[in-house]
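What follows is one structure encoded as structure tokens, with my remarks underneath.
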Amino acid sequence: MPKNLTRPDVPHAIAPPPIPDNRIVTLDEFIIRSEKDFEYATGELTGLLRDIGVAAKIINREVNKAGLVNILGVSSGNENQSGDVQQKLDVYANERLVECLQNSGECCAVASEENDDIIPVPGVGYKPNHYVVLFDPLDGSSNIDVNVSVGTIFAIYRRISDPSGPPSREDFLQPGKRQVAAGYVLYGTSTILVYTTGRGVNGFTLDPSIGEFCLSHRNMRIPDNGQNYSVNQGYYSKFDLEMRRYIDHCSDQNYGLRYIGSMVSDIHRILIHGGIFLYPSTRKYPGGKLRLLYECNPLAMIVEQAGGKAINTGLKRILDIAPGELHQRSTVALGSPAMVDELKAFIERYSALPI
Ligand code: P6P
């Protein structure tokens with residue numbers, strides 16, 4: 001339940017009426033109403049979430065017409081931090097997110113998969129800026145040219161460096177359990193923004209006719225169990241024994257294999273229908289491929305807030321991992337709690353065996 005909604009600093013504030021079921025509730029309205037759940041909320045986090053919503057609408061516009069304008073294909077042949085060849089739309093999405101967050105001055109710095117280092121954000125006016133934002137601007141972008149859904153992933157932390165000084169990498173190298181908010185935008189058959197501030201998960205579908213994200217998935221809860229597993233089966237022979245045994249078990253149980261190659265899409269399906277997503281150690285990525293700070297952590301917070309579980313293949317809770325570097329990778333297994341527990345049992349049983 002929300003904390004005490006009265007605010008000594010705003011004595012006339014009163015508890016807002018409950019969110020209605022019978023009318024459109026926009027993302028803006030929902031965020032502002034939710035702000036009242038945060039004692040002494042200053043509106044900064046509200047502003048940040050709204051900025052991300054604006055950037056998402058701009059990115060969505062280009063993603064939806066990517067085939068019509070010269071924004072498909074490879075950008076100047078550069079590679080990003082993940083070693084992925086930068087797609088033009090990757091660069092476009094990154095620039096829009098940085099721009100929206102810089103223009104509002106609600107945060108003091110941002111970090112992105114597309115940039116080697118953190119990007120300080122100069123203050124705007126006398127606005128305080130106590131937050132930092134990390135994002136993968138367009139996850140799964142290798143799917144763009146074949147019209148498969150892609151996504152934006154974001155994480156928000158409070159800065160921990162001296163507010164009188166410049167932001168620093170320590171502001172970003174915080175464990176995922178300190179995220180103030182996290183979420184994703186899925187550019188699919190429809191465009192949906194899903195986020196959490198630690199009080200449950202809610203989804204907002206973009207209504208193009210009014211240009212607003214509207215509440216469509218209230219208080220999302222992941223099914224306790226599922227019938228699908230999501231892993232790149234092509235690496236099966238390179239997986240450790242315990243992972244191969246678990247995948248064999250999934251096959252024996254007649255679970256369906258669903259793998260889109262776009263993490264946001266796979267996680268969104270699992271959030272709604274249940275299931276488990278796996279990216280274990282492979283020969284190419286012994287420590288896992290996916291990035292801890294702007295892929296695993298935000299999606300782990302979403303999954304946990306919806307009642308699921310998120311661990312690495314060393315059985316450590318993703319949100320407890322203390323990051324050592326900005327673009328650090330991690331193995332990951334997340335989804336329905338019963339399925340993650342089942343995987344844990346296989347790892348405990350087989351990983352003790354000589355591989
Ligand atoms: P693989 C996309 O490049 C991504 O970062 C995730 O969105 C996706 O789940 C994964 O990598 C796919 O990796 O090795 O299966 O192609």
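The values are calculated or read from the model by the stated rules, or taken from the named source; none is laboratory data. What you are looking at is a predicted structure, and each value in this text was computed from that prediction instead of being measured. Because the Cβ atoms are built from the backbone with ideal geometry, glycine has one as well, and the counts that use them run over all protein chains shown. Side chains included, ligands, DNA and RNA excluded: accessible areas come from the protein's heavy atoms. Shrake-Rupley method; radii C 1.70, N 1.55, O 1.52, S 1.80 Å.
Scanning segment 134-161 for residues that are among the hydrophobic types (A, V, I, L, M, F, W, C), closer than 23 Å to Gln174 by Cβ and either within 11 Å of the ligand (Cβ to nearest atom) or over 13 Å from the mean Cα position of the chain (by Cα) (or both) turns up Ile153, Ile160. Scanning segment 84-105 turns up at least one residue that is more than 16 Å from the ligand (Cβ to nearest atom), surrounded by 24 or more Cβ atoms within 10 Å (Cβ to Cβ) and modelled with pLDDT of 85 or more.
Quick grid of which residues meet (1) under 29 Å from Ala93 (Cα atoms); (2) surrounded by 18 or more Cβ atoms within 10 Å (Cβ to Cβ); (3) at pLDDT below 90:
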site	(1), (2), (3)
Asp9	no, no, yes
Pro18	no, no, yes
Asp21	no, no, yes
Leu27	yes, yes, no
Phe30	yes, yes, no
Phe38	no, yes, yes
Gly47	yes, yes, yes
Ala55	yes, yes, no
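Residue check: is Val148 open to solvent by 30 Å² or more (accessible area, probe 1.4 Å), of a type in the set (Val, Ile, Thr) and closer than 18 Å to Ile59 by Cβ? When the stated conditions are applied, Val148 passes them. Scanning segment 338-355 for residues that are among the small types (Gly, Ala, Ser) and either touching a residue at least 60 places away in the same chain (Cβ under 8 Å) or in a loop (DSSP other than H, G, I, E, B) (or both), we see that the one that is surrounded by the fewest Cβ atoms within 10 Å (Cβ to Cβ) is Ala352. When Val185, Val180, Val194, Val148 are checked against the criterion of being in contact with a His (Cβ under 8 Å, 6 or more places away or on another chain) and in the same structural domain as Thr46 (by TED's automatic domain parsing), a single residue qualifies: Val194.
Out of the residues in segment 233-265 meeting the condition of being closer than 15 Å to Met339 by Cα and among the acidic types (Asp, Glu), tell me which one is farthest from the ligand (Cβ to nearest atom). Of everything passing the filter in segment 233-265, Asp252 is farthest from the ligand (Cβ to nearest atom).
Starting from residues that are surrounded by 21 or more Cβ atoms within 10 Å (Cβ to Cβ) and among the aliphatic types (A, V, I, L, M), keep the ones in segment 268-289 and report whichever is nearest to the ligand (Cβ to nearest atom). Result: Leu278.
Checking each residue in segment 299-337 for being in a helix (DSSP H, G or I) and either over 22 Å from the mean Cα position of the chain (by Cα) or of a type in the set (D, E, K, R) (or both) picks out Glu304, Asp320. Of all residues in segment 244-265, those that are surrounded by 21 or more Cβ atoms within 10 Å (Cβ to Cβ) and either touching a Lys or Arg at 6+ places or on another chain (Cβ under 7 Å) or touching a residue at least 60 places away in the same chain (Cβ under 8 Å) (or both) total 5. Please verify whether segment 285-295 includes one or more residues that are part of a loop (DSSP other than H, G, I, E, B), farther than 25 Å from Ala322 by Cβ and either not aliphatic (A, V, I, L, M) or not assigned by TED's automatic domain parsing to the domain that holds Ala338 (or both). Looking for residues that are part of a loop (DSSP other than H, G, I, E, B), farther than 25 Å from Ala322 by Cβ and either not aliphatic (A, V, I, L, M) or not assigned by TED's automatic domain parsing to the domain that holds Ala338 (or both), one finds none in segment 285-295, hence no.
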